[in-house]
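Contents: one structure, followed by commentary.
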Amino acid sequence: MKQLLTMAVAVGLMGSVPIVAQATPEQDMKEYQAHYHKRFPNVPHDDFINGLYALDPEKRSQWEAIEDFPPYTVAVEEGEKLFNTPFANGKTYASCFKNGGIGIKQDYPYFDTKTGQVKTIELEINECRVKNGEKPLGYQKGDIASISAYMSWTSRGNTINVKIPNDPRALAAYESGKEHYYAKRGQLNMSCADCHVSYPGYYVRANILSPGLGQTSHFPTFRSKWQNMGTLHRRYGGCNRQVRAASFDPQSEEYRNLEYFHTYMSNGLEINGPGSRM
Amino acid sequence: MNSLKRRTFLKGTAAISSVGFALGAGLLTPRMVLAAWPKSAFESKSVDDALTNLAGSADLSTNEQIQIRAPDIAENGNVVPITVETNIANIESISILTEKNASPLTASFVLGAGAEGFVATRMKMGKTSDVIAVVKADGKLHSSRKEVKVTIGGCGG
Amino acid sequence: MANSIRMRANLEGDVTTVRALISHPMETGMMKNKKTGDLIPAHFIQEVVCEHNGNTVLTSLWGPAISTNPYLSFRFSGAKKGDTLKMSWVDNKGESDSAEATVA
């Protein structure tokens, strides 16, 4: 019975895939970026990392007033301290990352061919803790956001360079993230792309929808709504719930794959995290 | 440019020798400080009462030498950046009032030796309101106002 | 509340611009605790004093409508590079903190 069911699902899946050559991730990315260039011809490519502030000068000036002494300053300082504080066994986070963890955010997330899954920087922060006998941290805010903020800070100005290796599992992870991004969900029946591909620049009440291009460059982010720092997956959860859909757990396979697709779309832009947003 | 920003930031941070010691060691005691805080002005429910309690008068004269920099539409009413700048001479204080807040008096800055006519902060606004900057100089109250719209909702609010 | 003040002071020409960010909840006393429904008691900074060479350059008197984690910037003349600037705050519960920064 179980076998039958699996077969039925497999057939169903095959049936849903159109028999045309599938676009490669690279073609996807070029098309995705070209969409924003066409939509916002006056916004310089490099400015998309500033999100909605690239689109609206009024809101940009408020944001610049905040960036004059940004609220994530505290998190970067605390994150640096945490990053350099040895675990009980005497090792530090630096021992778990290439280049001692400095200036590496642009390579995340990446596909780990050993474990066959997408690795994000927050996932590896916790893997590092567990490997060294420490308890894992919560994935949405607090210490993990501070450590991640510090790691982004040391990577500022580096170019996002997410790679999709020649491995069917990597491509499957990418496709799963892409599917999440374009799938309608929730009571409002809206996809990520509805807001951030079709309608960036439009108002949702008092807020302007940000362009999808460049969204991952400035996480973790201090949102005035939260009054503290949050990780990208915390934001994903909020987005899902705002269209009245069930959210997934932070660092679930679903969100890691989404981050993989979402960040790959911004390849070539600069890391400017951590960020501040109203 | 970003790496330059990063350096400036780190240098700025390093320059701080944060002391963080509490009252006992310092010259301040809460009693001395609290005596100066104009409770009745901060608790007043109207601009006129607040000014009377704060400055002894609510007699304002509009002065174009006062510039208020604040957004036309606040992105988030909990964090509205505001700057007040003026070149009026002999300033004693710069006060900020938000007309429609339950208690309009938001802040009053008493300028000491060498202070320029410039203050900036971030404030909370419950709803759309005029923001009034009042500059006290040579015993007179000069003022300027600007409307800031506050809308609730969307993804951020 | 140790280390609640981040402050920078930069001299340009004759004028020093001071920027500071203070970690403080700035509770208005009008917000409810989402879980219990109880009002969160007011807890806000009332006074921030900034001193240069023993002279008070600015006294900020605040009500609860200043944003959470307050930001303050002001300008004054008469300082030299290397001078020390001291900032102290006291809130309505009598809690306080102070910090120093060097004019750069």
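Restricting to the range A:55-86, and then to whatever is open to solvent by less than 20 Å² (accessible area, probe 1.4 Å) and away from chain B (no Cβ under 12 Å), can you tell me which residue is farthest from C:Asn3 (Cα to Cα)? Only one residue fits best here, namely A:Phe83. Scanning for something among the hydrophobic types (A, V, I, L, M, F, W, C), open to solvent by 30 Å² or more (accessible area, probe 1.4 Å) and in contact with a Leu (Cβ under 6 Å, 6 or more places away or on another chain), does the range B:123-138 turn up at least one residue? No: the range B:123-138 contains no residue that is among the hydrophobic types (A, V, I, L, M, F, W, C), open to solvent by 30 Å² or more (accessible area, probe 1.4 Å) and in contact with a Leu (Cβ under 6 Å, 6 or more places away or on another chain). Among the candidates C:Asn69, C:Asn10, the residue that is in a loop (DSSP other than H, G, I, E, B) and open to solvent by 10 Å² or more (accessible area, probe 1.4 Å) is uniquely C:Asn69. Residue count for the range B:126-137 satisfying the condition of being within 12 Å of chain C (Cβ to nearest Cβ) and at pLDDT 95 or above: 2.
Okay, residues lined up against (1) modelled with pLDDT of 50 or more; (2) of a type in the set (Lys, Arg); (3) surrounded by 15 or more Cβ atoms within 10 Å (Cβ to Cβ):
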residue: B:Ser3; (1), (2), (3): no, no, no
residue: B:Ala15; (1), (2), (3): no, no, yes
residue: B:Ser18; (1), (2), (3): no, no, yes
residue: B:Ala41; (1), (2), (3): yes, no, yes
residue: B:Gln67; (1), (2), (3): yes, no, yes
residue: B:Val80; (1), (2), (3): yes, no, yes
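For the range A:34-54, a residue qualifies if it is of a type in the set (Val, Ile, Thr) and surrounded by 20 or more Cβ atoms within 10 Å (Cβ to Cβ), and exactly one does: A:Ile49.
Scanning the range A:220-251 for residues that are touching a residue at least 12 places away in the same chain (Cβ under 8 Å) and either touching an Asp or Glu at 6+ places or on another chain (Cβ under 9 Å) or hydroxyl-bearing (Ser, Thr, Tyr) (or both) turns up A:Pro220, A:Thr221, A:Ser224, A:Thr231, A:Leu232, A:His233, A:Tyr236, A:Gly237, A:Val243, A:Phe248, A:Pro250, A:Gln251. Number of residues in the range C:58-83 that are over 22 Å from B:Met123 (Cα atoms) and either at the interface with another protein chain (Cβ under 7 Å from one of its Cβ atoms) or without any contact (Cβ under 8 Å) to a residue 12 or more places away in the chain (or both) equals 3. If you go through the range A:252-278 and pick out every residue that is part of a loop (DSSP other than H, G, I, E, B) and either surrounded by 20 or more Cβ atoms within 10 Å (Cβ to Cβ) or at the interface with chain B (Cβ under 10 Å from one of its Cβ atoms) (or both), you end up with 8. In this structure, C:Gly94 qualifies as facing chain B (nearest Cβ under 7 Å) and either buried (at least 23 other Cβ atoms within 10 Å of the Cβ) or part of a loop (DSSP other than H, G, I, E, B) (or both). Across the range A:147-205, the number of residues qualifying as within 14 Å of chain B (Cβ to nearest Cβ), of a type in the set (Val, Ile, Thr) and not in a loop (DSSP other than H, G, I, E, B) comes to 2.
A single entry from A:Tyr139, A:Tyr110, A:Tyr174 fulfils the requirement of being assigned by TED's automatic domain parsing to the domain that holds A:Arg234 and within 15 Å of the chain's Cα centre (by Cα): A:Tyr174. Going through the range B:97-121 one residue at a time, which ones are in contact (Cβ under 8 Å) with a residue 12 or more places away in the chain, open to solvent by 30 Å² or more (accessible area, probe 1.4 Å) and either in a strand (DSSP E or B) or within 30 Å of C:Ala79 (Cβ to Cβ) (or both)? B:Val110, the sole residue that qualifies.
The values are calculated or read from the model by the stated rules, or taken from the named source; none is laboratory data. Remember, predicted model here, so these are calculated numbers, not experimental data. Methodologically, a virtual Cβ is constructed for each residue, glycine included, from the backbone with ideal geometry; neighbour enumeration extends over all protein chains shown. Just so you know, the surface numbers come from the protein's heavy atoms only, side chains and all, with ligands and any DNA or RNA stripped out. Shrake-Rupley method; radii C 1.70, N 1.55, O 1.52, S 1.80 Å.
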